[in-house]
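As structure tokens, the structure follows; a few thoughts come after it.
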Amino acid sequence: MEKKIAVIPGDGIGEEVMAQALRVLNVVERDFGHKFVTTKALAGGAAYDKYGSHMPEETLALCRQSDAILFGSVGGPVAEMHLPKWKNCEANSILNLRKTFKFNANFRPVKILPELQDISPLKAEVIQRGVDMVFVRELLGDCYFGEHKTFSENGKRKATDLAVYDEDQVASIAHVAFKAARLRRNKVTSVDKANVLDNSKLWRQVVTEVSKEYPDVELEHMLVDNCAMQLIRDPSQFDVVVTTNMFGDILSDAAAVLPGSLGLLASASLNQEGFGLYEPPGGSAQDIAGTGTANPVAQILSVAMMLRYSFSLEAEAAAVERAVEAALKSGCRTRDIFRHSKASAAEEQTTTRLINCQEMADEILKHLEQKVLV
Ligand code: NAD
């Protein structure tokens with residue numbers, strides 16, 4: 001298979017983790033007999049330095065000519081957000097890409113390996129039940145894209161944000177969720193606030209209608225407040241969770257904390273034609289940029305998602321995921337997943353090994369080349 005990939009490392013740790021992810025992609029290309037043509041482009045502060053724009057036309061043009069986008073992360077140090085180089089950097093780059101390519105579905109898998117239970121905020125007995133779910137968040141509707149208004153009424157300042165969904169938007173994301181469930185454990189939990197909101201009532205109705213086309217997939221509806229509780233109480237009950245833009249924004253970030261580090265998660269944003277952008281959900285981690293200590297796993301798992309969702313290369317995606325799991329199970333730990341361990345210092349020395357960004361990729365490559373079965 002021959003594919004063109006736009007590679008956009010961005011800022012901060014973006015370059016460091018992307019370099020490791022590309023090493024993994026190169027091994028997949030070589031060992032599975034594919035041709036991946038990767039072309040780098042700038043976004044965020046890195047692009048601002050050269051073009052005076054966070055998302056230059058050159059980068060958008062490259063994305064248009066590519067089969068998929070592999071994205072790092074953008075943004076500057078939190079204390080420098082007011083400077084022109086960093087002001088609105090994320091909105092101008094990543095939100096711009098979402099709008100330009102009409103990415104309507106965001107996938108975020110959340111899985112906790114029992115070996116990493118020490119760094120999860122969840123109790124061991126909760127993790128032992130198995131935590132392995134995917135959030136499917138609608139990305140183009142809700143109050144993010146409805147009318148925003150701040151005005152004055154009877155001498156008081158008021159503000160409104162219109163939350164809008166039409167039935168086609170809901171049906172489209174529901175199909176994405178049911179298809180994803182068929183590749184997993186055949187269960188969809190649809191999250192809404194149908195006891196209060198009209199757009200949630202429509203959401204629930206349309207998801208139920210779409211479910212008739214997937215009789216092999218179990219559908220349950222859950223109110224968003226209950227879902228927030230269940231995520232912490234017993235996340236093992238979830239397989240695919242499909243929800244609106246705003247509920248998905250909040251719930252998927254809460255779920256992202258469960259594995260213990262942002263450096264362990266990948267995400268994908270897809271449009272209705274199947275074109276996709278793959279990125280770690282975390283930011284540019286300016287606090288550790290340049291130290292070589294970033295965890296490359298999130299970016300490497302983004303490569304696996306790209307192989308699966310954009311190129312339908314399931315065996316290759318699974319091989320990368322197995323290699324990551326094998327490296328983690330063998331005790332390899334970057335700083336973010338080492339320091340929180342509750343194990344005693346002596347025990348930690350024998351069971352886990354603190355390594356840097358490049359060494360973590362070395363380990364993953366070793367397992368990938370051995371084609372491990374986890
Ligand atoms: P962040 O996600 O960059 O970092 C939060 C914490 O997680 C930090 O302690 C960081 O060191 C750690 N972390 C994140 N990824 C890691 C990795 N791969 N390995 C090890 N540790 C990791 O959030 P922040 O510090 O609030 O934001 C920094 C910048 O990133 C800001 O400019 C923000 O706007 C931007 N941001 C960008 C995106 C994006 O590009 N999609 C997302 C979120 C934040």
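Values computed for the structure shown
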{"item": "Surface accessible to a 1.4 Å probe, TYR144 within the full protein complex, Å²", "result": "80 Å²"}
{"item": "Calculated log₁₀ intensity ratio I(q)/I(0) where the Debye formula runs over C-alpha points of the chain, q = 0.06, 0.12, 0.13 Å⁻¹", "result": "-0.23, -0.95, -1.12"}
{"item": "Ordering of 240-248, 84-92 by burial proxy (mean other Cβ atoms within 10 Å per residue, highest first)", "result": "240-248, 84-92"}
{"item": "Cross-link table LYS99/LYS366; LYS40/LYS366; LYS50/LYS111; LYS4/LYS187; LYS35/LYS85, entries beyond 28 Å C-alpha to C-alpha", "result": "LYS99/LYS366; LYS50/LYS111; LYS4/LYS187; LYS35/LYS85"}
{"item": "Loop-located GluC sites (Glu not before Pro) in region 147-206, at most 15 other Cβ atoms within 10 Å (DSSP)", "result": "GLU147"}
{"item": "Share, in percent, of DSSP beta bridges within region 132-257 that are antiparallel, nearest 5", "result": "35 percent"}
{"item": "Computed label-point distance, nm, for sites LEU95 and ARG157 using a 7 Å Cα→Cβ extension", "result": "1.9 nm"}
{"item": "Using θ = phi - 60° and Karplus 6.51 cos²θ - 1.76 cosθ + 1.60, couplings along region 264-281 (whole Hz; Gly, Pro as x)", "result": "9, 10, 10, 8, 9, 10, 10, 9, 5, 8, x, 6, x, 10, 10, 7, x, x"}
{"item": "Between region 242-270 and region 62-137, the alpha-carbon center distance in angstrom", "result": "7 Å"}
{"item": "Calculated on alpha-carbon atoms, Rg and Dmax of region 132-257 in Å", "result": "15.7, 56"}
{"item": "Full-stretch length increase - MET229, ALA61 - with 0.36 nm per residue and alpha-carbon distance subtracted", "result": "56.1 nm"}
{"item": "Amide H within-cut-off set for CYS332, under 5 Å, with H built and near neighbours excluded", "result": "ARG353"}
{"item": "Whole-Hz couplings from phi, Karplus 6.51/-1.76/1.60, listed for region 99-106; x for Gly and Pro", "result": "6, 4, 9, 6, 5, 9, 10, 10"}
{"item": "Sparsely packed trypsin sites (Lys or Arg not before Pro) within region 205-310, loop by DSSP, other Cβ within 10 Å at most 11", "result": "LYS212"}
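The values are calculated or read from the model by the stated rules, or taken from the named source; none is laboratory data. Everything numeric in this text was worked out from a predicted model, so none of it was measured. In this analysis, Cβ positions are derived from the backbone assuming ideal geometry, glycine residues included, and neighbour counts consider all displayed protein chains. These accessible areas exclude ligands, DNA and RNA; they are computed on the full protein's heavy atoms, side chains included. Shrake-Rupley method; radii C 1.70, N 1.55, O 1.52, S 1.80 Å.
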